[in-house]
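Report on the structure given below.
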Amino acid sequence: MRFAGKTVVVLGGNSGIGLAAARAFQAEGARVAITGRNKQTLAQLAAASGMLAVRSDISSVADTRAAMARIAEQLHGIDVLFVNAGVGGFATVPEVTEEFWDNVHGVNLRGAFFAVQAALPHLRDGGSIVITGSIGALLALPGNAVYAAAKAGLRAVARILAAELLPRRIRVNVVSPGPTETEIFKRGASPAQIEAVRSSLGGAVPMKRMGEPEEVARAVLFLASSEASFINGVDLNVDGGTLEL
C-alpha cells in the first residue's frame with residue numbers, strides 16, 4: 001500500500017503499460033485517474049474499476065489542460081503523474097512526411113511536454129513524475145528516426161525537468177521499455193503479422209521474449225514511490241537486457 005491516500009494520474013491509461021500501471025497503483029491504495037482517446041474503453045474501465053476516466057487527446061494542449069484541471073478538482077490535487085500516452089510508426093528517412101513527423105512528435109514529445117506543464121500547478125510538492133521513454137531512443141534502428149527523435153527529446157526534457165523541480169522536491173524519472181506486449185504494434189495488423197513482429201522483436205531480446213505490461217508497470221511504481229526517494233533524473237531500461245547484454 002505504498003500509495004494509500006495518494007492521487008495518481010496516468011495519461012494514456014486505458015490500455016497496455018498505462019492500464020497495467022493504473023491497476024497496480026489502485027491496488028496499492030491510490031485514487032487513480034486515467035486519460036485516453038477512446039470513450040468506450042474509458043467508460044468501461046471507469047464502471048469496472050471506479051477510476052476517474054477522462055477523455056483527452058494528449059496531442060491537444062487544450063484537452064490536456066482541461067483534463068488536468070478537472071482531475072485536480074475532483075481528486076483534490078495530484079501526487080503522482082505518469083505520462084505514458086504515445087504513438088508509434090516506422091518510415092525510412094525518404095518516406096517520412098511532415099504529417100507523419102508532426103503526428104508522432106505531437107503526441108510523444110510536444111504532447112508529453114505540455115501535459116507535464118499543465119500538471120505542474122496541481123502537483124503537490126514532494127510528488128513524482130514518471131515518463132515513458134523507449135530504448136528506441138538509443139538504438140540505430142532503420143525506419144525509426146521519427147519515433148527515436150521524439151523519445152530522445154523527451155529524455156532530455158525529463159532531465160531538465162528533474163533539475164528545475166528540485167526546489168519543489170518533485171522527482172522526475174523515465175522508464176524505457178524494450179519490446180513489450182502492447183497494442184501499439186498490433187493496431188491494424190493481421191494475426192500473422194502480429195506473430196511475425198512478436199517473433200522478430202522477442203528474438204532480438206537476450207531473454208528471448210517480449211516483456212509484459214505488468215513488468216514495466218512494476219518499474220513505474222518503484223520510481224514513483226518513496227522507495228526511490230534518492231533516485232532522480234534516471235532512465236531505467238526495462239528491456240530484458242537488450243541494451244545491456
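FYI, it's all coordinate maths here, none of it is from the lab. Here the structure is a predicted model, which is why all the values come from computation and not from measurement. We place every Cβ from the backbone using ideal geometry, glycine too, and count neighbours over all the protein chains shown.
Annotations for the structure displayed:
- Relative protection proxy for 135-141, 146-152, from highest mean packing down: 146-152, 135-141 (other beta-carbon atoms within 10 angstrom).
- The sum of -39500 (n - 2.57) across all DSSP H runs of n ≥ 4, divided by the residue count of the chain, sets its helix-only mean residue ellipticity at 222 nm to -12500 deg cm²/dmol.
- Taking other C-beta atoms within 10 angstrom as a stand-in for reagent exposure, 76, 105 fall in the order 76, 105, fewest first.
- Counted by Cβ distance under 13 Å from residue 172, the other residues give a net charge of +3, where Lys and Arg count +1 and Asp and Glu count -1.
- Likely footprinting exposure, 83, 93, 8, fewest C-beta neighbours within 10 Å first: 93, 83, 8
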